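Since the structure comes first, as structure tokens, the remarks are kept for the end.
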Amino acid sequence: MMPLLILNLFFAAVFTLLLGSTRISAFIGGFFIGYIILWVSSPLYPDTRYFRKLPKTINLVLYFFKELVISSFRVTWDVITPSHISRPGIIGVPLSARTDLEIFLVSSLLSLTPGTLSVDLSEDRHTLFVHVMFLEDGDKTRHDIKNGLEKRVLEVMR
């Protein structure tokens, strides 16, 4: 049987073709309608985690884009103003992520966000060292990374 994500993408593509549209909004609308159809027929798929994972994945993507926009403005403001407000530093963030993919996603998404860069992973793979451009409070920054990005990545992956 087709994984439900593939089936949902197929529904979205068919919906877009039936409308004769090339707009992304038609595809997203078709994806949403396909999701509802699959959700209504969910008793046919008793062993799926699709209906729990998709909302969490969307939450991760929206959180990442929010952080991306905020940090982009913050870095831009620091670059264009004469007085610099950056206080760079390196902190160790204890990880709950254990698998290679979980660690990779957390470190990559951190590095993609302006103002942060994953520098190294400890030998025991329990601590990620992160360079932070605006480090006011190390404990707050650790808390924000653990309860923000890492938490959402783990919700999607586990």
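The values are calculated or read from the model by the stated rules, or taken from the named source; none is laboratory data. Predicted model only: the values in this text are computed from it and were never measured. Cβ sites come from the backbone with ideal geometry, for glycine too, and all protein chains shown count toward neighbours. Calculation scope for accessible area: heavy atoms of the full protein, side chains included, ligands and nucleic acids excluded. Shrake-Rupley method; radii C 1.70, N 1.55, O 1.52, S 1.80 Å.
Numbers below:
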item: Built amide H within the under 5 Å cut-off of residue 134, gap 5+; result: 87
item: Rounded to 10°, Cα long-axis angle of helix 100-112 versus longest principal axis of the chain; result: 70 degrees
item: 222 nm mean residue ellipticity, helices alone, for the chain (DSSP H n ≥ 4; -39,500 (n - 2.57); rounded to 500); result: -19000 deg cm²/dmol
item: Accessible-area composition of region 5-80, carbon plus sulfur, in percent [1.4 Å probe]; result: 76 percent
item: Correct option for semi-axes √(5λ) of the Cα gyration tensor in Å [calculated from the coordinates] among (i) 37, 22, 11; (ii) 21, 19, 17; (iii) 30, 27, 13; result: (i)
item: HN-Hα J in Hz across region 73-85 - Karplus 6.51, -1.76, 1.60, θ = phi - 60°, x for Gly and Pro; result: 5, 5, 5, 4, 4, 5, 6, 8, 8, x, 9, 7, 9
item: Area accessible to solvent at residue 100, 1.4 Å probe radius, in Å²; result: 100 Å²
item: For region 131-148, 3J(HN,Hα) per residue [Karplus equation, 6.51 cos²θ - 1.76 cosθ + 1.60, θ = phi - 60°, Hz, x = Gly/Pro]; result: 8, 10, 6, 10, 9, 8, 9, x, 5, 5, 5, 4, 4, 5, 5, 5, 8, x
item: From phi via Karplus (6.51, -1.76, 1.60), per-residue ³J(HN,Hα) for region 55-71 in Hz, x at Gly/Pro; result: x, 5, 5, 5, 4, 4, 5, 5, 4, 4, 5, 4, 5, 4, 5, 4, 5
item: Convex hull per residue volume in Å³, alpha carbons only, for region 22-99; result: 162 Å³
item: Where the Cα pairs of region 72-142 fall when distances are cut into 5 Å bins, in %; result: 3, 16, 25, 23, 15, 9, 5, 2, 1
item: Accessible surface, per residue, of the chain when the full set of protein chains is kept, probe 1.4 Å, Å²; result: 64 Å²
item: Heavy-atom SASA rank of 122, 111 (probe 1.4 Å, accessible area, largest first); result: 111, 122
item: Set of lysines near residue 140 by C-alpha distance (under 20 Å), chain-local residues within fewer than 8 positions excluded; result: 66, 151
item: 12 Å cut-off, amide nitrogen to a point 7 angstrom out along residue 129 Cα→Cβ, residues in region 84-98; result: 90-93
item: Computed over the chain: relative contact order in percent, which uses C-alpha pairs under 8 Å that are six or more apart; result: 22 percent
